[in-house]
Amino acid sequence: MNTVESSKHHQFYIDSDEEDEHEEKLKEKGDDDSDSSDSSPDSPTQHITGSYNAAWPQSYRQSMDMYSSLTSPNIGFLGTPSLSRLSSSYLTSSFRRRNTPEVTQPLLPTIKADSNAEEAQLPPLQPKKRSFRRATHDHLPTTHKCAFGHALLNGMNVLCGVGILSTPYAIKEGGWLGLGILFAFALLSCYTGVLLRDCLESAPGLETYPDIGQAAFGTTGRIVVSIILYAELYASCVEYIILESDNLSSLFPNAHLDFAGFHLTSHQLFALITALSVLPTVWLRDLSILSYISAGGVIASFLVVICLFWVGTVDHVGIHHKGTLLNLTNFPIAIGLYGFCYSGHAVYPNIYTSMKNRSQFTLVLITSFVTCTTMYAAVAVMGYMMFGDATESQFTLNMPTNFVASKIAVWTTVVNPFTKYALTITPVALSLEELLPSTSMGLHWFSVIIRTALVVSTLVVALVVPFFGFVMALIGSLLTMLVALILPCVCFLSIVGHKVTWMQVILCTTIIIMGVACSAIGTYSSVAGIIHNLH
């Protein structure tokens, strides 16, 4: 908690509905003395900005800024005495402090010598449990402005995810010609990232992906886009648990648990351990410490790639396999796997709006996509040529355990999701917490229950459908195609309207048709594969 201390007294900061009224009165008074063009209620910028932040989810901007903001960590948990006493929502003491200027008022307002009479007569603020909806929905400008290097690191960190582990498996499923899909998706996804920028620039007040959906199709568009984005985040958390279970069980294959008539295999046991391990992290009210660690995702990805090449060359595992040119039967699975690699569009608007020089955003996108696509392709080729048709859904499962480089790769893969789980599931939790009644008491306990339930549900799904490759292909086909290809084009055509050129119409229409086709066949094949493996 930030406090202002002096040798004579302490000022304690609270968040309350009265505080907001107090601020509004001060703002209105200040507006009377300001330029009329700036204070006019009919100002287009003010009207549009407010309208894009009045509907659910209002916590999206603050929660997704975790991926593009690094601040000093302040460790604390939901439901701590200070939190429950001062606020019903941990957003007030966490995201809002991290991403916005300090706007809270002291318990007793300080009266300056030059204060006017009306301001001096305002009654002191009284502690009162703040409305949860007001606590989570205050829209305040982001002060963090990042330079080109920081934005590039954020862009690469978004792209360098667990998808890189499955690119060799994608070649196994689709053949060598499937690499063409990887490069095509990279090109199209980079272009749709630019379309999202154009949408943000089309009107003042647009800051996030849900804002774009609302600008294109109203409140319904905002809600639909948000649900799709949150579903993608939730599914990624399921993948994290499956990933941990697979890799830890490969390290300790004989681990099991027999208790009270229940038998847990190594996969089930480590899935349970993973869920219990990440549970305290989702209770954190300040995730900046995880933002610091997860920013090393780029380094972790490069390290795993280096270990793969080291095992193949220095440790003489060697390159022995040629593979097939095209495998039409499993080609749709490869489409989903390659599509999953480019699932960073949910964060691109936040990266764009956080940049100091927004004209460099296109260069950030291009550099990120070129770097990560090169790494994806290199891993895909090297991994498949090393392991051939024996390639697992994660190439770390194929690496011989007797090599030091293999152990480094596996443990790096194991540690990385622990830092990203909470950052990924928190936006989903916040969106659900917004739906709580504003009059609910003990809202910090509701937050704990919601977050615990989300972790438990991802564990259950991971245990029921423990197929990393098929689940990734399903996410890539069903959700990523929507987020990365279809929705940006549809929203762009709707928002820009008559200003769209014929070339843009043709290109966007082609991308939409391609995205729908890939989504349909990829989703069908992924679901069929999951059902087949369940039986």
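The values are calculated or read from the model by the stated rules, or taken from the named source; none is laboratory data. These numbers were taken from a predicted model, which means no experiment stands behind them. Cβ coordinates were reconstructed from backbone atoms using ideal geometry, including for glycine residues, and neighbour counts include every protein chain displayed. In case anyone asks, the SASA skips ligands and DNA or RNA and just uses the protein heavy atoms, side chains included. Shrake-Rupley method; radii C 1.70, N 1.55, O 1.52, S 1.80 Å.
Ala334 passes all but one of (1) more than 17 Å from Leu233 (Cα to Cα); (2) at pLDDT below 95; which number fails?
Here Ala334 meets the rest and fails (2).
Being open to solvent by 10 Å² or more (accessible area, probe 1.4 Å) and either assigned to a helix (DSSP H, G or I) or free of Cβ contacts under 8 Å to residues at least 60 places away in the same chain (or both) is the filter here, so list the residues in region 374-394 that pass it.
Of everything in region 374-394, those that are open to solvent by 10 Å² or more (accessible area, probe 1.4 Å) and either assigned to a helix (DSSP H, G or I) or free of Cβ contacts under 8 Å to residues at least 60 places away in the same chain (or both) turn out to be Thr374, Met375, Ala377, Ala378, Val381, Met382, Met385, Phe387, Asp389, Ala390.
Out of Leu337, Leu229, Leu326, Leu243, I need the residue that is within 20 Å of Ser526 (Cα to Cα) and part of a loop (DSSP other than H, G, I, E, B). Which one? I'd like the intermediate steps shown before the answer.
On the way: Leu337 fails: part of a loop (DSSP other than H, G, I, E, B); Leu229 fails: part of a loop (DSSP other than H, G, I, E, B); Leu243 fails: part of a loop (DSSP other than H, G, I, E, B).
Of the residues listed, the single one that is within 20 Å of Ser526 (Cα to Cα) and part of a loop (DSSP other than H, G, I, E, B) is Leu326.
Counting just the residues of region 340-352 that are open to solvent by 10 Å² or more (accessible area, probe 1.4 Å) and outside any loop (DSSP other than H, G, I, E, B), which one comes out nearest to Ile227 (Cα to Cα)?
Checking each candidate, the answer is Phe340.
Among the numbered conditions (1) out of contact with any Leu (no Cβ under 6 Å at 6 or more places or on another chain); (2) modelled with pLDDT of 95 or more; (3) aliphatic (A, V, I, L, M); (4) open to solvent by 10 Å² or more (accessible area, probe 1.4 Å), tell me where Leu182 comes up short.
(4)
Identify, from the list Leu430, Leu423, Leu436, Leu397, the residue that is closer than 27 Å to Trp283 by Cα, buried (at least 17 other Cβ atoms within 10 Å of the Cβ) and over 19 Å from the mean Cα position of the chain (by Cα).
Details: Leu430 fails: over 19 Å from the mean Cα position of the chain (by Cα); Leu423 fails: over 19 Å from the mean Cα position of the chain (by Cα); Leu397 fails: closer than 27 Å to Trp283 by Cα.
Criteria check complete, one pass: Leu436.
Among the candidates Val455, Val460, which residue alone is β-branched (Val, Ile, Thr) and touching a residue at least 12 places away in the same chain (Cβ under 8 Å)?
Val455
Residues checked against (1) in a helix (DSSP H, G or I); (2) more than 20 Å from Met64 (Cα to Cα); (3) at pLDDT 90 or above:
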| residue | (1), (2), (3) |
| --- | --- |
| Lys407 | yes, yes, yes |
| Ser431 | yes, no, yes |
| Leu436 | no, yes, no |
| Met441 | no, yes, no |
| Leu454 | yes, no, yes |
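Modelled with pLDDT under 90 and in a helix (DSSP H, G or I): does that describe Thr419?
Yes; evaluated as a whole, the condition is true for this residue.
Please work out which one of (1) within 23 Å of the chain's Cα centre (by Cα); (2) buried (at least 21 other Cβ atoms within 10 Å of the Cβ) is the condition Leu188 fails and give its number.
(2)
Scan region 353-373 for residues that are among the aliphatic types (A, V, I, L, M) and either surrounded by fewer than 24 Cβ atoms within 10 Å (Cβ to Cβ) or more than 23 Å from the chain's Cα centre (by Cα) (or both) and report the count.
Total satisfying the criteria: 4.
Would you check which residues across region 445-482 are open to solvent by 20 Å² or more (accessible area, probe 1.4 Å) and touching a Gly at 6+ places or on another chain (Cβ under 7 Å) and list them?
Trp445, Val448, Phe470, Leu474
Taking region 191-215, which residues are in a helix (DSSP H, G or I), small (Gly, Ala, Ser) and open to solvent by less than 20 Å² (accessible area, probe 1.4 Å)?
Hits for region 191-215 are Gly193, Gly213.
So that you can scan it fast, the table gives a plain yes or no per residue for (1) under 30 Å from Pro488 (Cα atoms); (2) crowded, with 20+ Cβ neighbours inside 10 Å; (3) touching an Asp or Glu at 6+ places or on another chain (Cβ under 8 Å); (4) acidic (Asp, Glu):
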{"site": "Leu229", "(1), (2), (3), (4)": "yes, yes, no, no"}
{"site": "Ile241", "(1), (2), (3), (4)": "yes, yes, no, no"}
{"site": "Leu248", "(1), (2), (3), (4)": "no, yes, no, no"}
{"site": "Leu251", "(1), (2), (3), (4)": "no, no, no, no"}
{"site": "Thr265", "(1), (2), (3), (4)": "no, no, no, no"}
{"site": "Ala271", "(1), (2), (3), (4)": "no, yes, yes, no"}
{"site": "Leu276", "(1), (2), (3), (4)": "no, no, no, no"}
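So which residues in region 492-508 are among the hydrophobic types (A, V, I, L, M, F, W, C) and touching a Phe, Trp or Tyr at 6+ places or on another chain (Cβ under 8 Å), if there are any at all? Walk me through it before giving the result.
First pass over region 492-508, keeping only residues among the hydrophobic types (A, V, I, L, M, F, W, C): 492-493, 495-496, 500, 502-503, 505-508.
Within region 492-508, Val500, Leu507, Cys508 qualify.
Before we move on, is Val490 open to solvent by less than 50 Å² (accessible area, probe 1.4 Å), closer than 26 Å to Ile164 by Cβ and either over 19 Å from the mean Cα position of the chain (by Cα) or without any contact (Cβ under 8 Å) to a residue 60 or more places away in the chain (or both)?
No; evaluated as a whole, the condition is false for this residue.
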